[in-house]
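J.: Here it is, the structure, as structure tokens.
The values are calculated or read from the model by the stated rules, or taken from the named source; none is laboratory data. Just so it is clear, the structure is predicted and the values come from calculations on it, not from any experiment. Here the Cβ is made from the backbone with ideal geometry for all residues, glycine too, and neighbour counts use every protein chain on show.
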Amino acid sequence: MNRTYRTLYSAAIILAAAAAAVGIGALVLMAIGVSVPETYRVILTEPFKDMYGITEILVRTVPLILVGLGIAISFRSGILNIGAEGQMQIGILAATAVALALPNLPKWLLLPLVLLAGALGGALWGSIAGLLKARLGVNEILSTVMLNYIAAQLHGFLLRGPMIDPAELQVGSGTPQSMRLPKAAWLDRILTGYRLHWGLAIALGLAVIVYFLMWRTTWGFRMRAAGAEAKAARYAGIRVESCLAAAMILAGAFAGLAGAIEVTGVHRRAIEGVSAGYGFSGIVVALFGGLHPAGIVPSAFFFGLLLIGADMTQRALSVPANMVLVLQGAVILSIVSAKTWLNDPYARDKAVRKMAALFGGGRK
Amino acid sequence: MNLLLVLQNILAIGVPFSVALLLAALGEMFNQRAGVFNLGCEGIMAMGAFLGFLPSFLLKGGALAPWAPAIGIACAALAGVLLGLLFGLVTVSFRAPQGIAGIGLQMLGWGTAGTLSRHFVGGVTGIPGIDAWPIPGLSKIPFLGPILFSMTPFGYFGFLMVPISWYVLFKTPWGLKVRAVGTHPRAADTMGTNVARTRYQALMLGGAMAGLAGAYLSLAQAKMFADDIVAGRGFIAVALVYFGRWHPLYILGGSLLFSIAQSFQLAIQVLGIDFPYEFAVMLPYVLVILVLAFAKNSRLRGPAELGKPYNREKRV
């Protein structure tokens, strides 16, 4: 009986959290005077209407999985990475630079090099915040947020200046974008006519690898121990500071790789807006996925759906696509609130006792 | 051109720029003194900026137009109070981890402001905003007059909040309670202070000030609203609280330093120095990281229980 009540308690909290998130979204939708059910219907079903919609969800799922995996590693290890957006942009720049510098390499060599460059670029950017945290105790949330703004300026500077497509300066409008990548650096598309590319396989493969790394190796155990209870981990001889730095570097590498895959698979050149807020959405994806690869993959698909769905509502119902941010913010607040209730044995037992008093049974 | 005149012009822009940072940072100081780390400041500022702007936009040319800024300021403060309450619900009552909840509040505020502005306003439109109000006599002082005494009333209010915040935090019973629940909530609880209520009050005050900071941006500084008007100032304000060691006077110093760093990019344009503009924009953000890196060695520590939820039922 007690077990049933406990399940009921958890279910009630999850339902309440979901209702709160949907409700906050509904308030904003009502404020702009659109039909709430209709908007949610369009967001959640319209992308499934044709092949284009479905492939576009998956196109957005790829960077969300990668960024989400990196953020899950960092959160599990006890360091909050808010800097995925900046790390992604540095990854984009590094991948583009390598691809443009070595256009004559064969594909089997160039493409892996380009992806590796992206990951290294992101790792480098993540290492700044990681080392600052490990060495000087700098609050990683603030440092990664600041590094995002710095990366955005660096990205803008390089695309407007040194890395701009020379053709843009001679004949074009001066749009800040790099030259098109050589074909040898392109990640192939899975279906002709759609933007979906093989990055999807890379993302899914890495999800499996992250699972083994974090849950099936000693190294992963150390990382999670450092994140779960730093004092105990230190007592057990784990070098917590190294774990924090390593986690941030790894998170940066994942974000940078996501950037490189976006460039080589979707846009095929560096241009403003490639990172498109994936770095922030990735935080929600990771939390919603329970900071576990098995949860992150479906969670990334769900938020990919929200992103493309919000684009469609903008066209169909003229609901601004910023609505996605509202929902993401509401989801974060609901998840973190629900988590404390779910993990609080006192509150749970109290509720279970009350239910037992009301409906009978359950006495230990 | 006279170098002194250039310096005067930079400071005349930089000093009023500091008001938004100052208001937000003072509000955040109250939050952190009470033990709550509110990263949602950025989102509250975005809502404040939008709501401060909206009445001026809607009432443009109407009979009520002269009152529009005042209505906007009231709306911005009210929205700040409500968002502070929401943050209190999540972090004080539900005891959620504050850092990540703050990022949620930031997305919520930023997204809501963006959604509403796209719907009600559309593109970027200017508003009359609040005019400068030079103080007679004082504004005629050479060099200092144009810098310190030619601001908007909103600007003077911002600077006035420094002594007021100092007084409230260090000389009133409520200020003592705020410091107590941030330093040793269990002791405060034992002495009969309602920890949760005090933290809620601090969050509401901090939210209102962040809302006002946003309204300052749209009404007095930019005189328009754009999605990205806040541009990280909320996060810089949080960092400034560390930099300012949780004290209003040092926070004032930090705000001035950072806003002058921000107006540095204008100096580059004015003086025609050949320096990539993007690196000038980066400067304040780089400064924040450097400041945080060196702040560790400070003797003064922050509130002892900063960032830790208080659970009175938990055994210690």
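J.: Hey, can you tell me all the residues within segment A:340-352 that are surrounded by 19 or more Cβ atoms within 10 Å (Cβ to Cβ) and at the interface with chain B (Cβ under 8 Å from one of its Cβ atoms)?
T.: Scanning segment A:340-352 gives A:340, A:341.
J.: Sort through A:349, A:311 and tell me the only one that's without any contact (Cβ under 8 Å) to a residue 60 or more places away in the chain and farther than 30 Å from residue A:6 by Cα.
T.: A:311
J.: When residue B:269 is evaluated against the numbered criteria (1) farther than 24 Å from residue B:185 by Cα; (2) touching a helix residue (DSSP H, G or I) at 6+ places or on another chain (Cβ under 7 Å), which criterion, by number, is the only one it fails?
T.: (2) is the only condition that residue B:269 fails.
J.: Tell me, which helices (runs of 4 or more DSSP H) lie completely within segment B:226-316 with 3 or more residues that are touching a Gly at 6+ places or on another chain (Cβ under 6 Å)?
T.: Where helices (runs of 4 or more DSSP H) fall fully within segment B:226-316 and carry at least 3 residues being touching a Gly at 6+ places or on another chain (Cβ under 6 Å), they are B:248-271.
J.: Out of the residues in segment B:142-157 meeting the condition of being assigned to a loop (DSSP other than H, G, I, E, B) and touching a helix residue (DSSP H, G or I) at 6+ places or on another chain (Cβ under 8 Å), tell me which one is surrounded by the most Cβ atoms within 10 Å (Cβ to Cβ).
T.: Per the stated criteria, the residue is B:151.
Matching residues to (1) crowded, with 20+ Cβ neighbours inside 10 Å; (2) part of a helix (DSSP H, G or I); (3) free of Cβ contacts under 8 Å to residues at least 24 places away in the same chain:
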| position | (1), (2), (3) |
| --- | --- |
| A:88 | yes, yes, no |
| A:95 | yes, yes, no |
| A:100 | no, yes, no |
| A:108 | no, yes, yes |
| A:112 | no, yes, yes |
| A:122 | yes, yes, no |
| A:131 | no, yes, no |
| A:143 | yes, yes, no |
| A:149 | yes, yes, no |
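J.: Also, quick follow-up: Output the residues belonging to segment A:243-282 that are among the charged types (D, E, K, R) and in contact with a Phe, Trp or Tyr (Cβ under 9 Å, 6 or more places away or on another chain). Give the steps one after another, and end with the answer.
T.: Keep residues of segment A:243-282 that are among the charged types (D, E, K, R), which gives A:262, A:268-269, A:272.
Scanning segment A:243-282 gives A:262, A:268.
J.: Next question. Checking the conditions here, which among A:170, A:153 is farther than 19 Å from residue A:72 by Cβ, out of contact with any strand residue (DSSP E or B) (no Cβ under 9 Å at 6 or more places or on another chain), away from chain B (no Cβ under 14 Å) and not hydrophobic (A, V, I, L, M, F, W, C)?
T.: A:170
J.: Six or more apart or on different chains, Cβ atoms under 7 Å: show the pairs whose first residue is in segment A:42-70 and under 24 Å from residue A:209 (Cα atoms) and whose second is of a type in the set (Ser, Thr, Tyr).
T.: Note: pairs meeting the criteria are A:63/A:278; A:64/A:278; A:64/A:281; A:67/A:278; A:68/A:299.
J.: Conditions: (1) surrounded by fewer than 23 Cβ atoms within 10 Å (Cβ to Cβ); (2) closer than 30 Å to residue B:65 by Cα. Residue B:211 meets all but one. Number of the miss?
T.: Every condition holds for residue B:211 apart from (1).
J.: Restricting the search to segment B:216-243, which residues are surrounded by 19 or more Cβ atoms within 10 Å (Cβ to Cβ), away from chain A (no Cβ under 14 Å) and over 20 Å from residue B:108 (Cβ atoms)?
T.: Listed by number, the residues that qualify are B:216, B:219, B:220, B:221, B:224.
J.: With respect to residue A:224, determine if the residue is touching a residue at least 40 places away in the same chain (Cβ under 8 Å) and either outside the structural domain of residue A:102 (by TED's automatic domain parsing) or in a helix (DSSP H, G or I) (or both).
T.: yes
J.: Right, something else. Considering (1) in a helix (DSSP H, G or I); (2) within 19 Å of residue B:306 (Cα to Cα), say which one residue B:216 fails and leave the rest.
T.: Of (1) in a helix (DSSP H, G or I); (2) within 19 Å of residue B:306 (Cα to Cα), only one is false for residue B:216: (2).
J.: Looking only at residues in segment B:260-278 that are touching a residue at least 60 places away in the same chain (Cβ under 8 Å) and more than 19 Å from residue A:147 (Cα to Cα), which one is nearest to the other protein chains (Cβ to nearest Cβ)?
T.: Among those that are touching a residue at least 60 places away in the same chain (Cβ under 8 Å) and more than 19 Å from residue A:147 (Cα to Cα), it is B:264.
J.: Now, a different point. Being under 28 Å from residue A:157 (Cα atoms) and assigned to a loop (DSSP other than H, G, I, E, B) is the filter here; which residues of segment A:63-86 pass it?
T.: Passing the criteria: A:80, A:81, A:82, A:83.
J.: Go over the candidates B:78, B:59, B:11 one by one and state the one that is more than 14 Å from the chain's Cα centre (by Cα) and modelled with pLDDT of 95 or more.
T.: Working: B:59 fails: modelled with pLDDT of 95 or more; B:11 fails: modelled with pLDDT of 95 or more.
Unique residue meeting the criteria: B:78.
J.: Got a number for residues in segment B:113-135 being more than 8 Å from chain A (Cβ to nearest Cβ), out of contact with any Pro (no Cβ under 9 Å at 6 or more places or on another chain) and among the hydrophobic types (A, V, I, L, M, F, W, C)?
T.: Matching residues across segment B:113-135 total 4.
J.: Continuing with this model, one more query. Need a quick list: helices (runs of 4 or more DSSP H) entirely within segment A:248-347 having at least 2 residues that are over 26 Å from residue A:185 (Cα atoms) and in the same structural domain as residue A:92 (by TED's automatic domain parsing).
T.: A:278-288, A:293-317
J.: Checking the conditions here, which among B:267, B:295, B:304 is surrounded by 15 or more Cβ atoms within 10 Å (Cβ to Cβ), modelled with pLDDT under 85 and within 28 Å of residue B:101 (Cβ to Cβ)?
T.: Going through B:267, B:295, B:304 in turn, just one is surrounded by 15 or more Cβ atoms within 10 Å (Cβ to Cβ), modelled with pLDDT under 85 and within 28 Å of residue B:101 (Cβ to Cβ): B:295.
J.: So, one more: May I ask you to say which residue of A:327, A:358 is under 30 Å from residue A:6 (Cβ atoms), surrounded by fewer than 17 Cβ atoms within 10 Å (Cβ to Cβ) and of a type outside the set (Phe, Trp, Tyr)?
T.: Of the residues listed, the single one that is under 30 Å from residue A:6 (Cβ atoms), surrounded by fewer than 17 Cβ atoms within 10 Å (Cβ to Cβ) and of a type outside the set (Phe, Trp, Tyr) is A:358.
J.: Here's another thing I want to ask about it. Please find, within segment B:279-290, the residue that is surrounded by the most Cβ atoms within 10 Å (Cβ to Cβ) out of those that are within 7 Å of chain A (Cβ to nearest Cβ) and among the aliphatic types (A, V, I, L, M).
T.: B:288
J.: Let me ask another. Any idea which of A:211, A:149 is in contact with a Pro (Cβ under 9 Å, 6 or more places away or on another chain), at pLDDT below 95 and among the hydroxyl-bearing types (Ser, Thr, Tyr)?
T.: Going through A:211, A:149 in turn, the sole match is A:149.
J.: Looking at this structure, is residue A:181 touching a residue at least 40 places away in the same chain (Cβ under 8 Å), touching a Phe, Trp or Tyr at 6+ places or on another chain (Cβ under 8 Å) and part of a loop (DSSP other than H, G, I, E, B)?
T.: no
J.: I need every pair where a residue in segment B:78-95 that is farther than 22 Å from residue B:50 by Cβ and within 13 Å of another protein chain (Cβ to nearest Cβ) has its Cβ under 9 Å from the Cβ of a residue that is among the aromatic types (Phe, Trp, Tyr) and not in a helix (DSSP H, G or I), sequence separation at least 6 or different chains.
T.: Pairs that qualify, where the first residue is farther than 22 Å from residue B:50 by Cβ and within 13 Å of another protein chain (Cβ to nearest Cβ) and the partner is among the aromatic types (Phe, Trp, Tyr) and not in a helix (DSSP H, G or I), are B:91/B:37; B:92/B:310; B:95/B:310.
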